[in-house]
Structures are given as structure tokens and as C-alpha cells.
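Here's the structure we're looking at; comments come further down.
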Amino acid sequence: MIFGFNTDVKHLDTVYHVQSEAREHERLLQTQVFVRGRCIGKMATPYQQGGQRDEISEKQLEQSLRGQHKSVLDAIREGRLEGVLGRPEPEIPKAPSGLKLQWTNAGAPRSEDALMVRILVSEGERPVEGAKVTARLKRSEGEPLYSQATTDSSGAAELKLGADEPELSQSDILVQATHGGRVVTRKFRLRKSARA
């Protein structure tokens, strides 16, 4: 039998999502705490003693997991979560504002028999020079089309994808920029142009 518990609980201005489950394969009762989708800590309790599965019934497991889940909820309400979960795992440092990409000619991207995609890569308000930008055009038939460029000192890159007008209508284009180990990806939907 598989069972678990999910509860949202608020302390001060923060909403915590608490998720508890019996991880049968690892023989653990695990409770994880999330804030805005990021796991901030875990509690795991082994539930098997001596290697015999029969030692603990499903009902006992469920009661133990319910008790563990409740103890974490109570700790959050009382403002003592760190004491229950221990120190949170170290977080990978992120850029203060992160990379951003903008399709600057989205209103008129077609040029002769190609799609011209002009992308601006920035970090906060600053342009990013030397970012590798890749565009992938998913077509209804055939293999996807790819183009790659590197941003100049103004953070701009131009990518050309050779495709016919019928291939471009209602297609998706995925654009990814990479710089200094950071990545930003955006998906755009091409629509049929208004001109006949």
C-alpha cells in the first residue's frame, strides 16, 4: 500500500508545503519541506529494524508517517523548523538577477525565405557579451532546424533559420542562451502572418 500526506502551512509571511511519504524501496519515512517549489529540508526515518519486512504493519507505518508529518507541521507553526530538520542543504549560488532573453524582432521575423531571429541577452539591465545562443525550430514534418550565434558587445545575436512560409505558421521555436554556466530558455509560438 502506498500512502502519503501533503499539507500547506503558513508561518509569518511564508507558506511551507510539507510532503510526507513512505519510500518503500529505501525503507524510509521521508518528509520534505518546500518553499516556493524549492526543497529547503528533509527528514528521513528508517522504518525497518533487522531486515524483516513483517516487523511493521502497514497501519503502524501510516501512523508513524502521520506522526512525523505532524511533528514537522508543529515545528513550522512554532518557528523551530531548523531544529527539527537540521541544517538545510547548501544552496548552489545563483546569479543575483539571472540571464534574460528577449526576441527583439518578433513582430516581423520573416526575411525572404528565412526566419531571422534577433535575440537580446541581458543580466538585469546589463547586456551580456559572449553568450552562446541557440534556436531550434520544430517543424510539423521533418527534422528540426537549428541555428547558433554568439552575442556581441550590445548583448545581441542574430540567428537565421531557412524555412518556407507554410513551415513557419503555427510552429514552435525554442531559444536558449548560455553564459558562465548559466542558462535561460524560452519557447515562442509562431503564428501565421496577416498578409495574404
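Within segment 121-137, can you find the residues that are loosely packed, with under 15 Cβ neighbours inside 10 Å and either hydroxyl-bearing (Ser, Thr, Tyr) or part of a loop (DSSP other than H, G, I, E, B) (or both)? 124, 125, 129, 130 - these are the residues of segment 121-137 that are loosely packed, with under 15 Cβ neighbours inside 10 Å and either hydroxyl-bearing (Ser, Thr, Tyr) or part of a loop (DSSP other than H, G, I, E, B) (or both). Within segment 1-17, being surrounded by 14 or more Cβ atoms within 10 Å (Cβ to Cβ) and under 12 Å from residue 65 (Cα atoms) holds for 4, 5. Pairing each residue of segment 75-87 that is modelled with pLDDT under 80 with any residue that is surrounded by 19 or more Cβ atoms within 10 Å (Cβ to Cβ) and aliphatic (A, V, I, L, M), provided the two are 6+ apart or on different chains, yields C-beta distances under 8 Å for 83/75; 84/43; 84/72; 84/75; 85/33; 85/43; 85/72; 85/75.
Here's the yes/no breakdown for (1) within 30 Å of residue 10 (Cβ to Cβ); (2) modelled with pLDDT of 75 or more; (3) over 25 Å from the mean Cα position of the chain (by Cα); (4) small (Gly, Ala, Ser):
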residue: 44; (1), (2), (3), (4): yes, yes, no, yes
residue: 49; (1), (2), (3), (4): no, no, yes, no
residue: 61; (1), (2), (3), (4): yes, yes, yes, no
residue: 111; (1), (2), (3), (4): no, no, yes, yes
residue: 125; (1), (2), (3), (4): no, yes, no, no
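Among the numbered conditions (1) at pLDDT 90 or above; (2) assigned to a loop (DSSP other than H, G, I, E, B), the only one that residue 25 does not meet is (1).
Within segment 8-49, the residues that satisfy the criterion of being touching a residue at least 40 places away in the same chain (Cβ under 8 Å) and in contact with a Lys or Arg (Cβ under 9 Å, 6 or more places away or on another chain) are 9, 11, 16, 20, 31, 33, 41.
The values are calculated or read from the model by the stated rules, or taken from the named source; none is laboratory data. Everything numeric here is computed off the predicted structure, so don't read it as measured data. Positions of Cβ are backbone-derived with ideal geometry, glycine not excepted, and every protein chain shown enters the neighbour counts.
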